[in-house]
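A.B. asks: One structure follows; several queries about it will come next.
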Amino acid sequence: MSIDASSLDKMKALSLDQVFLIYKFLETPLQTLIDTISAKSEDDIKKYYRNMAKILHPDKNCHPRSNEAFQKIQSAVDFLN
């Protein structure tokens, strides 16, 4: 996979927290995410999803694997709804 110069500049602007969250979600099994999220109230699940979407959504986060992490959290929340 080749990364152009503008994408590389955008990736440099990512915080360590953003990169950490991406890999945290990618390494966590989907069932563990579902179990963790299901322990929250319905309102808390919505807040959690909105916060994670702001960080992980590919339009907001230019990391090459942000889409995978976003889809994983979306799948977990969709499963619970």
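The values are calculated or read from the model by the stated rules, or taken from the named source; none is laboratory data. Note that this is a predicted model, so its numbers are computed, not measured. Calculation scope for accessible area: heavy atoms of the full protein, side chains included, ligands and nucleic acids excluded. Shrake-Rupley method; radii C 1.70, N 1.55, O 1.52, S 1.80 Å.
A.B. asks: So with the 1.4 Å probe, I'd like the accessible area per residue for the chain, rounded to whole Å². Intermediate results must be reported in sequence, preceding the final value.
C.D. replies: Numbers: 5590 Å² over 81 residues.
Value for the chain: 69 Å² per residue.
A.B. asks: Per DSSP helix of 4 or more residues, -39500 (n - 2.57); summed, then divided by the residues of the chain. What does that give at 222 nm, rounded to the nearest 500?
C.D. replies: On the way: 5 runs with 59 residues, N = 81.
Value at 222 nm, helices only, nearest 500: -22500 deg cm²/dmol.
A.B. asks: Sticking with this one: Pairs on different chains or at least eight residues apart, Cα atoms closer than 28 Å: how many lysine pairs in the chain fit?
C.D. replies: Step by step, the pairs that qualify in the chain add up to 26.
A.B. asks: In the chain, which whole DSSP H runs stretch at least 18 Å along their own axis (Cα) and average -1.0 or higher on the Kyte-Doolittle scale?
C.D. replies: Details: long enough: 42-56 (21 Å, -1.09); 66-80 (22 Å, -0.09).
Span-like helices, by this rule, are 66-80.
A.B. asks: Percent of Cα-Cα pairs more than 22 Å apart in the chain, please. Mind dumping the intermediate values first?
C.D. replies: Numbers: 836 of 3240 pairs.
Tail of P(r) above 22 Å: 26 percent of Cα pairs.
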